[in-house]
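**Q** Before we start, here is the structure in question, set down as structure tokens.
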Amino acid sequence: MKNRLRVLRAEFNWSQMELGLRVGVSRQAINAIETGKYDPSLPLAMKLARLFGKSVEEVFELEETD
Amino acid sequence: MAEQKLDPNVRLLGQVAVTTILWAGTFVATKTDTLGHPGSLAMRVALVAIGVGGFLPVVFVYAKSIRMQDEFNQRIHYIALSIAFAVTAVVSYASDLLYQAGFIPPFPTIGTWALMVAIWFVAMIVTPRFYR
């Protein structure tokens, strides 16, 4: 699954740690999501999208291979 | 006066320390010759109960510590535990066959347990590297 988390985080000028604190996960979790190595649960994806004022589909995109 | 809540991580660390000390105490207390000899039945039952009873709180505290972590770290724990389970299963099965074939002495039960914990910790260090 592709995502725009890194871009959105840069727009808000937040560090991975800061974003993690805002949604209640570790910096490692944010890093793993940004690199596409880990797909978050639906509640976490919704929390992230809501934090950036976007819908889940605007932040996360399903790839052909998923 | 408002009651000040203790940081959950600090409280957890305290619980880990207390339960580990309790377990170490019961571990030492039960390492007597009484267990291995035909002594009083009540004494032997008490020693086993103390030994197991002292260990259970450690298990509960570690389970609680995993539950307190975020979903990503819980996933890392589950993968590490799965690896530990699989490796221990293979090693214990192989060692039993090797023992029956007369190649090695019997593998102690506590050694199997220690091996699983060691692999769990190693896997906890190695697994996150695949998510960077």
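Derivation of every value follows stated rules applied to the coordinates shown; laboratory data play no part. Here the structure is a predicted model, which is why all the values come from computation and not from measurement. Neighbour counts run over all protein chains shown; Cβ positions are idealised from the backbone, glycine included.
**Q** With a ≥ b ≥ c the root eigenvalues of the C-alpha gyration tensor of the protein assembly as shown, is it rounded (a/c under 1.5), prolate (a/b larger than b/c) or oblate?
**A** It comes out oblate by the Cα gyration axes.
**Q** Here is a follow-up. When a/c is below 1.5 the answer is rounded, else prolate if a/b is larger than b/c, else oblate, so apply that to region B:36-98 with a ≥ b ≥ c taken from the square roots of the Cα gyration tensor eigenvalues.
**A** In terms of gyration-tensor shape, oblate.
**Q** Ranked by Cβ crowding within 10 angstrom, fewest neighbours first, how are A:T35, A:T65 ordered?
**A** If I rank by nearby Cβ atoms, fewest first, I get A:T65, A:T35.
**Q** Take every Cα pair under 8 Å in region B:17-132 that's 6+ residues apart, average their separations, divide by the length, and report that relative contact order as a whole percent.
**A** 24
**Q** Also, quick follow-up: Under the definition of Cα pairs under 8 Å and six or more residues apart, what whole-number percent is the relative contact order of chain A?
**A** 42
**Q** Output the DSSP H helices from chain B with an along-axis C-alpha extent of no less than 18 Å and a mean Kyte-Doolittle hydropathy no less than 1.6.
**A** TM-like helix candidates: B:109-126.
**Q** Taking a ≥ b ≥ c as the square roots of the Cα gyration tensor eigenvalues, with a/c under 1.5 meaning rounded and otherwise prolate when a/b beats b/c, else oblate, which class fits chain B?
**A** oblate
**Q** Below 16 Å, Cα to Cα, which lysines can A:K54 reach? Residues fewer than 8 away in the same chain don't count.
**A** Once the sequence-local lysines are set aside, what remains near A:K54 is A:K2.
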